[in-house]
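Notes follow the structure.
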Amino acid sequence: MKKITKEDIEKVDPSKKDLGKNWIKVGMSTCGVAAGADEVYAALIDEAKKRNIEIDIRKCGCQGACSVEPLVEVNVEGLPKVLYGRVTKDVAVTILERHVRNKKLLHDYIFEIN
Amino acid sequence: MEKKIIYIRDTDSAQKERINDYFTLFSNELRDANLLEQVQLVKVADIGLYEKGVAVKIIPENIVYSGIKTTDVKEIVEETIRGGKIIKDLLCGKKSKQLRAVLKNCGYIDPESLEDYIAAGGYKALVKVLTEMKPEAVVEELKKSGLRGRGGAGYPTWMKWNFARGMNSPEKYVICNGDEGDPGAYMDRSVLEGDPHSVLEGMIIAGYTIGSTKGYFYIRAEYPLAVERVQKAIDQATSAGLLGNNILGSNFNFELEIRLGAGAFVCGEETSLIASIEGKRGTPHPRPPYPSVKGLWGKPTIINNVETLANIPLLIAGGGTKFASVGTEKSKGTKVFALTGKVKNSGLVEVPMGITLREIVYDIGGGIINNRDIKAIQTGGPSGGVIPQEFLDTPVDYENLGKLGSIMGSGGMIAIDDTDCLVDLAKFYLEFCVDESCGKCAPCRLGGYQLLQILKKISGGNGELEDLNRLKKISYAMQKASLCGLGQSASNPVFSTIRYFEEEYKRHIVDKKCPAGKCKALISFKVISEKCKKCGLCMKNCPANAITGSREAGYIVDSQKCIKCGVCFDVCKFKAVMKE
Ligand SMILES: Cc1cc2nc3c(=O)[nH]c(=O)nc-3n(C[C@H](O)[C@H](O)[C@H](O)COP(=O)(O)O)c2cc1C
Ligand code: SF4
Ligand code: SF4
Ligand code: FES
């Protein structure tokens with residue numbers, strides 16, 4: 001990795017941080033992994049590729065709603081950002097098809113709305 | 001019209017079907033109004049409101065209505081969705097009670113990416129410290145902030161750092177305490193796993209401030225993912241020049257290393273932890289001397305909790321005064337709690353100091369499962385105590401919790417209801433402390449064992465009233481005479497349950513009954529013949545063959561054979577099995 005300079009850090013404006021318009025984040029802390037988050041993460045990556053769905057899929061830490069893991073946060077242009085809980089591999093596929101591709105939110109799995 | 005979304009949720013979990021009726025109602029109204037194309041109607045699993053009937057949230061306006069009746073649906077569609085007008089009577093004024101400061105990156109950034117941390121404003125505090133602050137100025141900022149240790153005792157962080165800074169020694173050390181041995185707590189693990197660089201940044205700043213060039217992360221070996229992420233963060237920071245020599249072009253050098261804890265609770269105590277890093281047995285030493293004077297390898301050392309260190313970057317970046325604007329007079333900033341037990345939404349919450357226990361349990365936790373009544377809250381784990389329901393409106397801070405006989409602790413918080421037995425709870429924590437006692441000093445080793453025997457006697461149905469006095473006396477002796485915090489605080493759960501729930505102890509001792517039905521020796525199972533429909537399910541399921549009878553004669557429990565597993569009570573569909 002190249003050395004980071006003071007200027008690199010100083011020039012960042014976190015309020016302008018752009019995560020991009022289309023992304024999915026999977027909570028991958030110990031409890032998430034114990035609940036099956038790594039399977040969900042792998043399913044999202046595989047299925048997105050198989051189905052030709054372009055979306056940035058990333059990992060993150062604890063989102064707080066620890067009792068309803070695995071947690072998957074989804075942001076797609078034109079829809080509000082939502083947090084899905086109790087996500088299984090099947091639900092993950094539905095998220096890709098229904099939410100990401102068809103821009104329709106899923107029923108019954110949303111735990112937090114922003 | 002702009003596209004809209006209606007989120008809909010029945011906050012009353014008991015009424016499972018009702019939500020579908022409302023869903024149909026809304027769909028019909030939307031169809032009649034010809035709005036189906038523009039509006040998405042979505043059933044959600046949580047809308048952030050509890051016990052407020054059917055609720056909807058309308059996006060993008062962010063309008064929340066609650067307690068909606070079927071007759072309101074048409075008006076909502078007509079007035080608000082089509083007309084853009086707010087219906088005041090249905091409006092629900094709701095504010096989030098959580099305040100994410102330490103956890104602001106957790107669940108937001110990729111914990112394995114240094115770029116992500118920097119893009120979220122990370123390491124700005126370090127740059128600020130290295131370019132424009134003398135160590136004294138950092139201490140001054142900490143003092144202004146009022147930050148106190150999050151590892152349990154709440155010692156002012158600036159004082160600890162200032163002692164170590166003032167020591168004249170070429171070698172000094174910084175230690176991050178990530179031992180987190182308190183059962184039920186996982187705040188520190190979440191921070192280490194979700195935002196490791198924030199703790200690194202806190203440690204580097206600590207090193208600069210006290211004049212140390214070497215720090216240790218002490219993490220329990222049971223946290224392999226936390227260890228992996230922290231190691232990755234250290235490697236990234238080292239190759240990026242944020243650790244090592246001449247950090248960010250300054251003349252400050254600092255390096256970090258991980259040491260694994262072997263999983264003993266007492267190793268979280270600072271003097272044992274230091275002994276453990278030195279490769280010795282992890283047993284406590286008397287203090288003073290305090291580690292800030294004579295710590296690791298006899299050198300001045302500061303030891304701070306994970307959450308304390310994770311507070312440092314945001315405190316420095318925003319300034320001490322801003323930090324101190326949140327909280328109570330003597331407890332500043334936020335605190336992360338692991339909320340568990342009988343609450344509906346268990347999980348990790350971060351709240352401003354001064355919030356009430358009731359707000360945490362009801363507004364954030366959603367209240368108690370099945371809408372039962374809360375009996376008490378346990379804070380501080382095995383070193384803490386219970387706070388009964390009458391004190392739920394107490395603002396949470398170090399002093400208030402101490403006055404009530406509990407402690408802030410590292411942040412475990414357990415909601416207790418009528419199905420929990422407090423004698424059993426005290427016994428659980430004591431068993432933990434007896435197992436974890438290092439045995440070095442007698443009050444803890446012998447006292448803890450004695451206390452446990454008495455509690456076992458009480459829950460076994462052999463208690464005498466004099467036992468209550470014995471419990472109090474031994475507890476007191478342990479508090480005064482034990483060498484380290486483990487023994488000094490091990491009796492807190494006993495002390496505080498007797499203080500507030502003496503009646504419940506007496507029910508066990510005098511009436512030989514456990515009101516919560518937890519203490520096995522004090523409960524019995526009986527088939528109530530009037531209610532029994534003679535289905536035989538209890539007999540079929542009893543693992544001990546303790547139920548006899550037939551479909552003609554009915555069924556009875558043989559109390560001699562019964563192992564009190566409770567299966568019959570659970571399987572009977574007619575509530576014909578009684579537990580008392
Ligand atoms: C038995 C026992 C266990 C402890 N376990 C921990 C622990 O797991 N994590 C922690 O940060 N502090 C623990 N402490 C407190 C530490 O001794 C020390 O006070 C703390 O790490 C100081 O950091 P702070 O000032 O940032 O809170 C424990 C204390 C005792 C007596
Ligand atoms: S109080 Fe308990 S854990 Fe602490 S030194 Fe004494 S025996 Fe060991
Ligand atoms: S409590 Fe368990 S052992 Fe006792 S009668 Fe019921 S099912 Fe049998
Ligand atoms: S630790 Fe997994 S979401 Fe909280």
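The values are calculated or read from the model by the stated rules, or taken from the named source; none is laboratory data. Model, not experiment: these values are computed from the prediction. Note: ideal-geometry Cβ built from the backbone for every residue, glycine included; neighbour counts use all protein chains shown. For the accessible areas, the whole protein counts, side chains as well, though only heavy atoms, and no ligand, DNA or RNA atoms are used. Shrake-Rupley method; radii C 1.70, N 1.55, O 1.52, S 1.80 Å.
Summary table below
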quantity	calculated
So residue B:99, is it closer than 22 Å to residue A:110 by Cα and either open to solvent by less than 20 Å² (accessible area, probe 1.4 Å) or not charged (D, E, K, R) (or both)	yes
Helices (runs of 4 or more DSSP H) (entirely within the range B:108-176) containing at least 1 residues that are away from every other protein chain (no Cβ under 14 Å) and buried (at least 21 other Cβ atoms within 10 Å of the Cβ)	B:135-145, B:157-166
Within the range B:177-197, considering residues that are more than 8 Å from ligand 1 (Cβ to nearest atom) and of a type in the set (D, E, K, R), the one surrounded by the most Cβ atoms within 10 Å (Cβ to Cβ)	B:195
Conditions (1) open to solvent by 20 Å² or more (accessible area, probe 1.4 Å); (2) closer than 20 Å to residue B:115 by Cβ; (3) more than 7 Å from chain B (Cβ to nearest Cβ): number failed by residue A:51	(2)
Members of the range B:507-543 that are among the β-branched types (Val, Ile, Thr) and either in contact with a Ser or Thr (Cβ under 6 Å, 6 or more places away or on another chain) or under 19 Å from residue B:572 (Cβ atoms) (or both)	B:523, B:527, B:528
Condition met for residue A:34 (more than 9 Å from chain B (Cβ to nearest Cβ), touching a helix residue (DSSP H, G or I) at 6+ places or on another chain (Cβ under 9 Å) and more than 20 Å from residue A:77 (Cβ to Cβ))	no
Check on residue B:431, open to solvent by 60 Å² or more (accessible area, probe 1.4 Å), closer than 26 Å to residue B:404 by Cβ and either touching a residue at least 24 places away in the same chain (Cβ under 8 Å) or not polar (S, T, N, Q) (or both)	yes
Filter result for residue B:135 (touching a helix residue (DSSP H, G or I) at 6+ places or on another chain (Cβ under 9 Å) and under 24 Å from residue B:242 (Cα atoms))	yes
Residues of the range B:434-447 that turn out to be open to solvent by less than 50 Å² (accessible area, probe 1.4 Å) and within 25 Å of the chain's Cα centre (by Cα), as a count	3
Any hit, the range B:504-524, residues being without any contact (Cβ under 8 Å) to a residue 12 or more places away in the chain, within 27 Å of residue B:462 (Cα to Cα), exposed (fewer than 14 other Cβ atoms within 10 Å of the Cβ) and among the charged types (D, E, K, R)	yes
Any hit, the range B:546-563, residues being part of a helix (DSSP H, G or I) and open to solvent by less than 70 Å² (accessible area, probe 1.4 Å)	no
Complete set of residues in the range A:71-85 that are touching a strand residue (DSSP E or B) at 6+ places or on another chain (Cβ under 9 Å), away from chain B (no Cβ under 11 Å) and open to solvent by 10 Å² or more (accessible area, probe 1.4 Å)	A:75
Verdict on residue B:556 being more than 16 Å from ligand 4 (Cβ to nearest atom), touching a helix residue (DSSP H, G or I) at 6+ places or on another chain (Cβ under 7 Å) and not assigned by TED's automatic domain parsing to the domain that holds residue B:442	no
Members of the range B:46-65 found to be charged (D, E, K, R) and either open to solvent by less than 30 Å² (accessible area, probe 1.4 Å) or within 12 Å of chain A (Cβ to nearest Cβ) (or both), listed by number	B:46, B:57, B:61
Qualifying residue in the range B:273-290 (condition: more than 16 Å from ligand 2 (Cβ to nearest atom), within 14 Å of chain A (Cβ to nearest Cβ) and surrounded by 18 or more Cβ atoms within 10 Å (Cβ to Cβ))	no
Among the candidates B:70, B:157, residue that is among the β-branched types (Val, Ile, Thr) and closer than 30 Å to residue B:19 by Cα	B:70
Which numbered condition residue B:317 misses (of (1) surrounded by 19 or more Cβ atoms within 10 Å (Cβ to Cβ); (2) not in a helix (DSSP H, G or I))	(2)
Answer residue from the range B:396-418, given it is polar (S, T, N, Q) and in contact with a strand residue (DSSP E or B) (Cβ under 9 Å, 6 or more places away or on another chain) and is nearest to ligand 2 (Cβ to nearest atom) among those	B:410
Given (1) under 18 Å from residue B:173 (Cα atoms); (2) touching a residue at least 12 places away in the same chain (Cβ under 8 Å), index of the condition residue B:236 fails	(1)
Options A:87, A:40, A:26, A:33: the member that is in a strand (DSSP E or B), more than 16 Å from ligand 1 (Cβ to nearest atom), touching a Pro at 6+ places or on another chain (Cβ under 9 Å) and over 30 Å from residue B:249 (Cβ atoms)	A:26
Complete set of residues in the range B:25-71 that are assigned to a strand (DSSP E or B) and among the hydroxyl-bearing types (Ser, Thr, Tyr)	B:65
Residues satisfying the stated conditions in the range A:43-78, i.e. without any contact (Cβ under 8 Å) to a residue 40 or more places away in the chain and in a strand (DSSP E or B)	A:56, A:57, A:58, A:59, A:60
Residue in the range B:376-410 that is farthest from residue B:484 (Cα to Cα), counting only those that are open to solvent by 10 Å² or more (accessible area, probe 1.4 Å) and in a loop (DSSP other than H, G, I, E, B)	B:393
Checklist (1) more than 16 Å from ligand 4 (Cβ to nearest atom); (2) within 14 Å of another protein chain (Cβ to nearest Cβ); (3) of a type in the set (A, V, I, L, M) applied to residue B:408, failing item	(2)
